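One structure is given here, and the rest of the page talks about it.
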Amino acid sequence: MNDEQEGRVGEVTENTVRLKPDATIVADAIEAIRRHGAATFPDECCGALIGRDAVIAEAFAMDNTTASGAARRFRIGPDGYRAAEARASALGASLLGFYHSHPNEPARPSAYDLEHAWPNFIYVIISVTNGVPGDVTAWWLRDNRSGFDEGELRWHTGS
Amino acid sequence: MAHRVLIPTPLRPYTGQQDAVEVDGGTVGEVLATLTSRYADLRRHLYAEDGKLRHFVNVYVNDDDIRYLDREATALKAGDTISIVPSVAGGSAASDTSTSPELTNAEIERYSRHLILPEVGIDGQRRLKGARVLCVGAGGLGSPAALYLAAAGIGTLGLIDFDAVDVSNLQRQIIHGTPDIGRSKLASARARLSALNPEIRIETHETKLSSANALALFKEYDVILDGTDNFATRYLVNDACVILRKPNAYGSIFRFEGQASVFATTEGPCYRCLFPEPPPPGLVPSCAEGGVLGVLPGVIGTIQATETIKLILGAPGTLIGRLLLYDAWSMRFRELKVRRDPECPVCGDRPSIRELIDYEQFCGVTPQAGVSASASAGVEETTVEQLKARLDAGLPTFVLDVREPHEYQICRIPNSILIPLGQLGTRLSELPNDGREIVVHCKMGGRSAKAVKLLKDQGVDAKNLTGGVLAWIDRVDPSQAKY
């Protein structure tokens with residue numbers, strides 16, 4: 001947690017943090033992402049972000065099915081994607097995006113992330129250093145695929 | 001003709017939030033072209049700059065991935081629904097190669113012919129150096145595979161074997177030499193590999209691979225190269241690879257014929273999708289019993305090494321979903337498509353095998369696992385001789401084959417109708433209702449016994465062909481190939 005992020009804590013209401021003007025994440029969901037990232041370290045974790053009315057209500061942990069080394073890659077195949085959609089429907093909610101961890105790397109999208117990104121999804125990235133969860137950031141793919149824009153991820157430390 | 005195209009959540013902002021749109025076209029490619037011209041923003045997200053579909057974009061016609069059909073040339077019928085389904089992927093910046101070890105100057109010189117291939121280059125060579133590959137067996141297939149993998153600079157090469165070098169091995173197991181006779185295969189292989197490339201690390205596991213140690217051994221490696229010589233170990237390697245999600249560079253040889261494929265990737269099928277059941281014990285002789293052309297494992301083992309290197313480099317065009325068949329005697333390569341079986345007991349949608357089992361019993365090596373379970377199930381049986389006599393006499397007979405299409409491609413009973421067991425329940429209307437006798441068969445009689453029971457439950461009388469198509473080939477039509 002850096003000072004700049006702590007400086008924004010005052011804008012946080014109760015147990016939710018605003019991500020972007022149009023998205024909010026429940027603190028429980030961020031905690032779930034942190035636990036998942038620590039549990040799979042040194043491999044990457046991944047999961048779906050599910051919510052309604054632009055509020056991420058659940059971080060739905062999924063299996064990392066990459067065949068190219070889970071320490072550096074994550075993959076959710078078409079069956080997994082359908083499972084995420086099904087989970088969202090079951091909750092009467094929508095699929096808003098996906099999260100994954102960067103073991104021993106900063107929480108910034110890689111070139112590989114960019115190459116594989118879908119538009120209109122929120123990508124949450126958590127950095128996990130030596131098994132300890134660290135920064136959590138959120139990103140949107142630019143519509144022209146030239147890069148990501150970072151969302152204003154504000155982190156509530158007091159929950 | 002108009003087809004319904006299902007649009008996934010992230011692309012709906014480009015279709016006015018519609019989750020399905022109607023688009024005309026005779027092929028998948030035409031439909032997608034029309035779709036992306038109508039909704040131009042879709043194009044850059046579905047297609048890469050080179051005009052090909054992005055590889056994380058999956059397109060299905062009804063339930064079938066077009067990669068297993070004719071890709072974008074797949075023809076459409078009235079009523080077909082096309083689904084665009086995302087894969088979601090990413091990884092740390094390190095993935096690019098920054099976690100792969102740097103190359104020393106000595107390595108740069110050694111691998112210079114790789115480094116000048118843009119498809120490998122420094123990044124690819126560093127990936128090879130960072131990779132860990134396990135060769136199961138240091139025999140016919142393992143010899144050439146390990147030699148080429150070592151030469152190529154695979155940073156850590158594991159070998160499992162428990163045998164000693166015998167003079168009869170040397171006709172094909174070229175990692176060993178005449179002075180090595182009597183020496184452990186692993187000691188011999190280690191010496192030869194270190195002499196070839198002292199830059200790599202060699203890990204030897206002098207043990208018999210078993211259900212008790214396979215997962216712990218495989219866990220430490222990125223790719224498993226299956227160079228085993230028996231069915232029990234082959235199913236064990238397959239299941240362990242599926243459970244651990246480690247790709248399996250598969251090869252096998254017999255006499256003049258070899259096979260190679262890549263199994264157990266997340267995309268593709270596994271060995272059990274191809275061969276749901278092992279042959280009955282004793283039916284397929286080992287190389288020791290049936291002989292093998294010495295150079296044959298050289299071809300197949302190097303194909304396995306090639307696929308292993310491509311998996312590590314992330315190269316396209318691997319043997320995932322394809323079984324390569326090689327006949328050295330006629331010098332022909334053929335290919336069969338192999339699809340992941342949703343009913344597969346290990347890699348299917350509802351796996352029943354989630355941990356390693358007793359493979360010797362599964363393959364009938366131990367006595368209690370007989371294959372003739374059908375009689376006990378109260379299924380009426382008929383023999384291949386009786387069937388032949390019926391057919392020759394022109395008696396009305398419907399021969400139903402309940403194997404998988406790839407098996408049907410290998411050999412079949414003339415005029416038999418193929419309905420795989422998994423589809424039988426929904427395709428009962430295709431069975432005759434005109435008094436013809438229905439004779440059901442599979443490879444050896446196990447699946448067809450289930451089919452006869454299923455039919456009986458539906459009020460359809462049928463007989464099971466004892467011994468299946470293999471008995472037919474043995475006793476009626478030896479001109480066909482067995483598998």
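In region B:193-224, the qualifying residues are those that are over 28 Å from residue B:241 (Cα atoms) and outside any loop (DSSP other than H, G, I, E, B), and the one that is nearest to the other protein chains (Cβ to nearest Cβ) is B:196.
Applying the criterion of being in a strand (DSSP E or B) and either of a type in the set (D, E, K, R) or more than 7 Å from every other protein chain (Cβ to nearest Cβ) (or both) to the residues of region A:100-123, the residue that is surrounded by the fewest Cβ atoms within 10 Å (Cβ to Cβ) is A:122. Every condition in (1) over 16 Å from residue B:104 (Cβ atoms); (2) assigned to a helix (DSSP H, G or I); (3) outside the structural domain of residue B:206 (by TED's automatic domain parsing) holds for residue B:117 except the one numbered (2). For region A:72-94, a tally of residues being within 11 Å of chain B (Cβ to nearest Cβ) and not in a helix (DSSP H, G or I) returns 7. For residue B:143, the criteria (1) part of a strand (DSSP E or B); (2) of a type in the set (Gly, Ala, Ser); (3) closer than 30 Å to residue B:213 by Cβ hold in every case but one, which is (1). Just to be sure, is residue A:97 more than 22 Å from residue A:151 (Cβ to Cβ) and either more than 7 Å from chain B (Cβ to nearest Cβ) or without any contact (Cβ under 8 Å) to a residue 60 or more places away in the chain (or both)? Considered against the rule, which asks whether it is more than 22 Å from residue A:151 (Cβ to Cβ) and either more than 7 Å from chain B (Cβ to nearest Cβ) or without any contact (Cβ under 8 Å) to a residue 60 or more places away in the chain (or both), residue A:97 comes out as no.
Quick grid of which residues meet (1) charged (D, E, K, R); (2) within 20 Å of residue B:55 (Cα to Cα):
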| site | (1), (2) |
| --- | --- |
| A:61 | no, no |
| A:69 | no, yes |
| A:72 | yes, yes |
| A:84 | no, yes |
| A:89 | no, no |
| A:94 | no, no |
| A:97 | no, yes |
| A:103 | no, no |
| A:106 | no, no |
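Considering only residues in region A:32-71 that are acidic (Asp, Glu) and either assigned to a strand (DSSP E or B) or without any contact (Cβ under 8 Å) to a residue 40 or more places away in the chain (or both), the one that is surrounded by the fewest Cβ atoms within 10 Å (Cβ to Cβ) turns out to be A:53.
Scanning region B:14-39 for residues that are in contact (Cβ under 8 Å) with a residue 24 or more places away in the chain and either of a type in the set (Gly, Ala, Ser) or within 12 Å of another protein chain (Cβ to nearest Cβ) (or both) yields a count of 5. Checking region A:133-143 against the condition returns a match, with at least one residue being within 8 Å of chain B (Cβ to nearest Cβ) and not in a strand (DSSP E or B). Does residue B:328 meet the test of being at pLDDT 90 or above and crowded, with 17+ Cβ neighbours inside 10 Å? For residue B:328, the condition - at pLDDT 90 or above and crowded, with 17+ Cβ neighbours inside 10 Å - is met.
The values are calculated or read from the model by the stated rules, or taken from the named source; none is laboratory data. Only a predicted model underlies this, so the values are computations on that prediction, with no experimental measurement involved. Every residue, glycine among them, receives a Cβ derived from its backbone with ideal geometry; neighbour counts consider all protein chains shown.
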